[in-house]
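Colleague: First the structure, which I've put down as structure tokens, then a few questions once you've had a look.
The values are calculated or read from the model by the stated rules, or taken from the named source; none is laboratory data. This one's a predicted model, so the numbers in the text were calculated from it and none came from an experiment. Because the Cβ atoms are built from the backbone with ideal geometry, glycine has one as well, and the counts that use them run over all protein chains shown.
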Amino acid sequence: MYLSPIQPVVTCVTCLLAATAAIAAPPPSSSAQNSLGHVERSYVQNGMRSIGYYGNWAVYDRKFNISMIPAEHYSHILYSFADVSTETGEVFLNDLHADIGKSYSDDSTSNGNELQGNLQQLYQMKENNRHLKTMLSIGGYTLSPHFVAVLASEAMRANFARTSVDLMSNFGFDGLSIDYENVASPTEASNMVDLLQKIRTEMDSYAKSTNSGPFLFSYAAPAGPINYLKLELSNMDKYLDFWDLMAYDYSGAWDKTANHASNLFFDPKNPTSTPFNTKDAVDYYLTVGNIAPGKINIGLPVYGHAFDGTEGPGTPYRSIGEGYSWEAGIWDYKALPIANCKVVEMPEIGASYCYDANTKYMVTYDTPNIAKQKANWIKENNLGGALFWEVSADKTGDESLVGTVAREFGKLEDSMNHLSYPTSVYALLKNGQAIPIEESTTKYDKWSIDVEITDAEWWLHTRESEEKISNAEEGQNVKESRDGPSAAIVKKNAEHSASGGKFAPTTSQFGVVIAGLGFLLLL
């Protein structure tokens, strides 16, 4: 499928561009017509996807709680990030305080061991917004190195699959997302396919055994050829419901020149300024990967990359400057544009930035007009939707990037979420609320394995309504490193060092508990 630029929908304002990258760009593709092949897990999408990443560290310095998410603008929330053991392949939550320990005013206090934290808040949001699906994202840029040992071991891949589905079902998620950003070899690529197959098998087996509706499975896909050329796209696609294309971080502090960081198209007038572009990446996924357009979601950044001492696009810069929101050189969208920084919008390449001609300071980011253009481009090319990194950085009101895209999309995907988790350790979560089982006495009573979900309403509605950049080797997807998992873990250790070593019990440990309970019931 050939993706052609839509007619410009915004006008330019005077200013300079985001500067250019040190990494040599591949020549722009010719993008011949794509003949889509068979997609084994295809389905008709009920509306456009609007997917937001929520980082569990947002409750700290950012002071952005789950309840602050504008649920009406999203169809899916990716809760980030779970980690994986390099010794066993077990997937576990990486911040017990943020995930299940932090207390909120509306939490239940009837029992000292009730589910709290972000996951309690996320579940309550699902109760109040039945269209909102939540998915547990595993990995991310900071934690991606932990995948290396796991992918190399068949036994650890199997354990990864089992324990990830265990977490999904026990804590009330509607699916999983894999975010491994450094597939480095054909062997790793093949093993990734095997991992996806194992996870999908576990998911489908669980859904069938509990007579529940389907669970969702996605992959955070790179937009840079240095990374996507290594993937077995068509083999991976067999097991995925959708792909989250990380169409951002095209440029940043790792480059020698300042570039556009999330442009839709190649700029023939200034090729150095667009070493990467979203259109070429999508064309590759469609033509080489033979992926259905509706399975691809396009990433939009809710932040900007800064360059100081630059003359404009395609020119060097002195530094990334001193100003930032949470990490040097990175501004939250809600802090943009910087004072005295004039905005320039370039619909001909689907990009925007702000520039201070006096200080020669530039920030490359998406404005609402460019976000609107991208939303139209997504719709006109029959793609699945949009992906946002990350929800805490957005503005409110008419200037919200997510709100702008959601309004442009019109109808958002609204299949119903799961609420009932019959074998969860949290009794009212089993029945549609989140309070724990009184009979559970193990110290790991928050960590159940083999949780059922039977929600006939979810399945019936789904049946009736059927109708996340790894672009630079050294700079790919710096997104969560700003205050990401590593920072959150440090804060967790400082605030809750009493949590102890292992974050979650193993399957065998839980099995002993269940066996003991069963024996007591027989007495």
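Colleague: Residue check: is Gly350 in contact with a strand residue (DSSP E or B) (Cβ under 6 Å, 6 or more places away or on another chain) and within 30 Å of Trp243 (Cα to Cα)? Walk me through it before giving the result.
Modeller: Working: in contact with a strand residue (DSSP E or B) (Cβ under 6 Å, 6 or more places away or on another chain): no; within 30 Å of Trp243 (Cα to Cα): yes.
It is false that Gly350 is in contact with a strand residue (DSSP E or B) (Cβ under 6 Å, 6 or more places away or on another chain) and within 30 Å of Trp243 (Cα to Cα).
Colleague: OK, next. Specify which of the listed residues (Lys279, Lys269, Lys238) is buried (at least 21 other Cβ atoms within 10 Å of the Cβ) and of a type in the set (Lys, Arg). Before you say what the answer is, go through the steps one by one.
Modeller: Working: Lys269 fails: buried (at least 21 other Cβ atoms within 10 Å of the Cβ); Lys238 fails: buried (at least 21 other Cβ atoms within 10 Å of the Cβ).
Checking each option against the conditions leaves just Lys279.
Colleague: Out of the residues in the stretch 347-360 meeting the condition of being buried (at least 24 other Cβ atoms within 10 Å of the Cβ) and not in a loop (DSSP other than H, G, I, E, B), tell me which one is farthest from the chain's Cα centre (by Cα).
Modeller: Tyr355
Colleague: On the basis of being closer than 25 Å to Ile51 by Cα, of a type in the set (Phe, Trp, Tyr) and not in a strand (DSSP E or B), does Tyr421 make the cut? Give the steps one after another, and end with the answer.
Modeller: Numbers: closer than 25 Å to Ile51 by Cα: yes; of a type in the set (Phe, Trp, Tyr): yes; not in a strand (DSSP E or B): yes.
Yes: the conditions hold for Tyr421.
Colleague: Follow-up question, since we're still on this one. If you go through the stretch 127-165, how many residues are surrounded by 23 or more Cβ atoms within 10 Å (Cβ to Cβ) and assigned to a helix (DSSP H, G or I)?
Modeller: Qualifying residue count, the stretch 127-165: 8.
Colleague: On the given criteria, is Ala371 assigned to a helix (DSSP H, G or I), touching a Ser or Thr at 6+ places or on another chain (Cβ under 6 Å), of a type in the set (A, V, I, L, M) and over 18 Å from Val282 (Cβ atoms)? First the steps, then the outcome.
Modeller: On the way: assigned to a helix (DSSP H, G or I): yes; touching a Ser or Thr at 6+ places or on another chain (Cβ under 6 Å): yes; of a type in the set (A, V, I, L, M): yes; over 18 Å from Val282 (Cβ atoms): no.
When the stated conditions are applied, Ala371 does not pass them.
Colleague: Surrounded by 22 or more Cβ atoms within 10 Å (Cβ to Cβ), modelled with pLDDT of 95 or more and under 30 Å from Met346 (Cβ atoms), is that true of Asp244? Give the steps one after another, and end with the answer.
Modeller: Details: surrounded by 22 or more Cβ atoms within 10 Å (Cβ to Cβ): yes; modelled with pLDDT of 95 or more: yes; under 30 Å from Met346 (Cβ atoms): yes.
The answer is yes for Asp244.
Colleague: State all residues of the stretch 326-335 that are farther than 18 Å from Asp255 by Cα, surrounded by fewer than 22 Cβ atoms within 10 Å (Cβ to Cβ) and touching a Gly at 6+ places or on another chain (Cβ under 9 Å); if no residue qualifies, say none. Full working, then the answer.
Modeller: Taking the stretch 326-335 and keeping what is farther than 18 Å from Asp255 by Cα, we get 326, 332-335.
Of the ones still in play, those that are also surrounded by fewer than 22 Cβ atoms within 10 Å (Cβ to Cβ) are 326, 332, 334-335.
Asp332, Ala335, listed by residue number.
Colleague: With the requirement that a residue be farther than 15 Å from Leu336 by Cα, polar (S, T, N, Q) and part of a helix (DSSP H, G or I), what does the stretch 374-406 give you?
Modeller: Asn376, Thr404, listed by residue number.
Colleague: I would also like to ask the following. Checking Leu115 against (1) surrounded by 18 or more Cβ atoms within 10 Å (Cβ to Cβ); (2) closer than 30 Å to Tyr248 by Cα; (3) of a type in the set (A, V, I, L, M, F, W, C), only one condition comes out false. Which one?
Modeller: Of the numbered conditions (1) surrounded by 18 or more Cβ atoms within 10 Å (Cβ to Cβ); (2) closer than 30 Å to Tyr248 by Cα; (3) of a type in the set (A, V, I, L, M, F, W, C), the odd one out for Leu115 is (2).
Colleague: Also, I was wondering about something else. Conditions: (1) more than 21 Å from the chain's Cα centre (by Cα); (2) in a loop (DSSP other than H, G, I, E, B); (3) of a type in the set (D, E, K, R). Glu181 meets all but one. Number of the miss?
Modeller: Status for Glu181: all satisfied but (1).
Colleague: Just a yes or no: is a residue in the stretch 313-330 more than 20 Å from the chain's Cα centre (by Cα), of a type in the set (S, T, N, Q) and modelled with pLDDT of 95 or more?
Modeller: Residues of the stretch 313-330 more than 20 Å from the chain's Cα centre (by Cα): 313-325, 328-329.
Now drop any that are not of a type in the set (S, T, N, Q), which leaves 315, 319, 325.
Those still in the list that are modelled with pLDDT of 95 or more too: 319, 325.
The answer is yes; a qualifying residue exists.
Colleague: Moving to a separate point now. Scan the stretch 346-362 residue by residue and report those that are charged (D, E, K, R) and under 22 Å from Asp255 (Cα atoms).
Modeller: Within the stretch 346-362, the subset charged (D, E, K, R) is 348, 356, 360.
If the condition is that a residue be charged (D, E, K, R) and under 22 Å from Asp255 (Cα atoms), then Asp356, Lys360 are the ones that fit.
Colleague: Return the residues of the stretch 195-215 that are more than 19 Å from Asp83 (Cα to Cα) and either modelled with pLDDT of 95 or more or within 17 Å of the chain's Cα centre (by Cα) (or both); say none if nothing qualifies.
Modeller: Of everything in the stretch 195-215, those that are more than 19 Å from Asp83 (Cα to Cα) and either modelled with pLDDT of 95 or more or within 17 Å of the chain's Cα centre (by Cα) (or both) turn out to be Gln197, Thr201, Phe215.
Colleague: While we're on this one: Hey, any hits in the stretch 327-345 for a residue that's of a type in the set (Phe, Trp, Tyr) and outside any loop (DSSP other than H, G, I, E, B)? Walk me through it before giving the result.
Modeller: Residues of the stretch 327-345 of a type in the set (Phe, Trp, Tyr): 331, 333.
Cutting the leftovers down to outside any loop (DSSP other than H, G, I, E, B) gives us 331, 333.
The answer is yes; a qualifying residue exists.
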